[in-house]
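These notes are about the structure you will find just below.
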Amino acid sequence: MCTVTFIPSNGKVFLSSNRDEKQWRKDAVKPTVYHYDSGKILFPKDADAGGTWIAIHENGNAVVFLNGGRDKHTPHPPYRKSRGLILIDLIEGATPYNSFLAIKLAGIEPFTAIIWDDQHLFECRWDGIQKYSLQLDEKLPHIWSSVTLYDEIVIKKRRNWFDVWIEQNSKPTQKEILHFHQFGGEGDCQNDFRMNREGKVFTVSVTSLAISQQKATIKYLDLKNDDQSEESITFEKITASR
């Protein structure tokens, strides 16, 4: 939930996420298709709270979360509900962007949601008091880094790494994107894309969604256990108009 990229390439869009977590957190459940009232949803599951940080619905909509809203905050638990469960609430809606605008977030820890809704891209933030939303150009690549782990100087540096890489790889494959998410940076284990801060907080996994017109394929690299898996979902429903 700490580094996210959006990349349109070769007729698809790729949403990819590095999950940086505390060492005591339980291992996540690999991506699986789950059945909800709204339809099928594909996501890896957080074994602690049962939510997720990245998911795609069979209607073609997808949501990715990062920890933190606009600025670094001091946590004040207990919270009313896990952010990972809020993500499920959003993607269960016919239009997750409208779900974000409507949902009550009092008592929820700050987060940033990157929402792919009816082939439109939105950046949505909750800072613990107020919501902010912005529609982005879905024809351009984008990167986000969590404000809870990276200050503005490091966030700008990471954005520069990304921009340079995109210049050199204008139409990357999913394999190349996964490689970048593991090895991008300058050899600084504190702030590289695959980070490790003295074994207390580190990148436990990389998840990448490849979204086409007909289906999505999720590739999941469990870095903590040196394992990987792949799962797909076919789009069965037409996304409702916003």
In the neighborhood of G11, defined by Cβ-to-Cβ distances under 14 Å, what is the net charge if each Lys or Arg adds +1 and each Asp or Glu adds -1? +3
Which value at 222 nm does the chain reach when only helices count, each DSSP H run of 4 or more adding -39,500 (n - 2.57), with the total divided by all residues and rounded to the nearest 500 deg cm²/dmol? -5500 deg cm²/dmol
Ignoring any ligand, DNA or RNA, what whole percent of the accessible area of the chain comes from carbon and sulfur when the probe is 1.4 angstrom? 48
Peptides 150-158, 209-217, 60-68: what's the order by average Cβ count within 10 Å, highest mean first? 60-68, 209-217, 150-158
How much accessible area per residue does the chain have, in Å², with a 1.4 Å probe? 47
If you plug each phi of region 77-93 into the Karplus form 6.51 cos²θ - 1.76 cosθ + 1.60 with θ = phi - 60°, what whole-Hz ³J(HN,Hα) values come out, in order, with x for Gly and Pro? x, x, 9, 5, 7, 5, 4, x, 7, 4, 4, 4, 4, 5, 6, 5, x
Quick calc, region 60-184, dipole around Cα centre from Cβ unit charges on Lys, Arg (+) and Asp, Glu (-), nearest 20 debye, gives 300
Just how far, in whole angstrom, is region 149-166 from region 40-74 if you go by their alpha carbon centroids? 22
Between the residues F43, V201, G93, the Cα farthest towards the positive end of the dipole of the chain, that dipole coming from +1 and -1 charges on the beta-carbon of Lys, Arg, Asp and Glu, is from G93
If a paramagnetic tag sat 7 Å from the Cα of K200 along the Cα-Cβ line, which residues of region 140-172 would have the backbone N under 15 Å from that point? 149-150
Are any of the pairs K72/K104; K30/K200; K156/K219 more than 30 Å apart by Cα-Cα distance, and if so, which? none
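The values are calculated or read from the model by the stated rules, or taken from the named source; none is laboratory data. Small disclaimer: the values here were computed from a predicted structure and weren't measured. Heads up, the Cβs are rebuilt from the backbone with ideal geometry, glycines too, and the neighbour counts pull from every protein chain shown. We work out accessible area using only protein heavy atoms, side chains counted, and drop any ligands, DNA or RNA first. Shrake-Rupley method; radii C 1.70, N 1.55, O 1.52, S 1.80 Å.
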